[in-house]
1. Ignoring the sites themselves, what is the longest stretch of the chain with no trypsin sites (Lys or Arg not before Pro) in a DSSP loop and at most 16 other beta-carbon atoms within 10 Å?
2. On alpha-carbon atoms, Rg over Rh for the chain using Kirkwood Rh?
3. Using 0.36 nm times the number of residues separating GLU45 and ALA59, minus their current alpha carbon distance, what extension gain do you get?
4. Only Lys, Arg, Asp and Glu count, each charged at its Cβ (+1, +1, -1, -1), so figure out the dipole size of the range 22-92 about its Cα centre, rounded to 20 debye.
5. Within the range 25-114, which chymotrypsin sites (Phe, Trp or Tyr not before Pro) sit in a loop by DSSP and count at most 16 neighbouring Cβ atoms inside 10 Å?
6. Around SER61, what is the net charge, scoring Lys/Arg as +1 and Asp/Glu as -1 over all other residues with Cβ under 11 Å from its Cβ?
7. With a Cα-only, solvent-free Debye model of the range 69-114, what are the log10 I(q)/I(0) values at q = 0.14 Å⁻¹?
8. Using the Kirkwood formula on the Cα atoms of the range 12-58, what hydrodynamic radius do you get, in angstrom to one decimal?
Amino acid sequence: VQLQASGGGLVQAGGSLRLSCAASGISFGTYAIGWYRQAPGKQRELVAAITRGYITNYAESVKGRFTISRDNAKNTAYLQMNSVIPEDTAGYYCNVERGGLTYWGQGTLVTVSS
């Protein structure tokens, strides 16, 4: 199983980024997907999640700014990040979960400059 996150980088406050998480080795459409982030010195936190049935939920801090989506035909999940703020600076990680089985991808770094 491989999860490849990409799309991170340096962005100015108020700008946008789209992160991607490409999966292989699993039946992607049968898994729930989560995007997490971890800032230096802080615990990893859930940013957004989407179920197999396309139900989404978001951390309060990103509601209205971030959108999670999935394309099962491409085995890929996305995190559209709009109106970013410096507090969004972190390593972003995707995971997939089904029946208690979880896989993690490597992180992609997002840096928001003020």
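Just so it is clear, none of the values below were taken in a lab; they were calculated from the coordinates. Being a predicted model, the structure only gives us computed values, none of them experimental. Virtual Cβ from ideal backbone geometry, glycine too; neighbours counted across all protein chains shown.
1. 66-114
2. Using only Cα positions, Rg/Rh for the chain is 0.95.
3. Gain on extension, GLU45 to ALA59, equals 4.2 nm.
4. About 140 debye.
5. Passing sites in the range 25-114 are TYR54.
6. Spelling it out: positives minus negatives among the neighbours equals -1.
7. -0.46
8. On the way: mean 1/r = 0.0780 Å⁻¹.
Computed over the range 12-58, the radius equals 12.8 Å.
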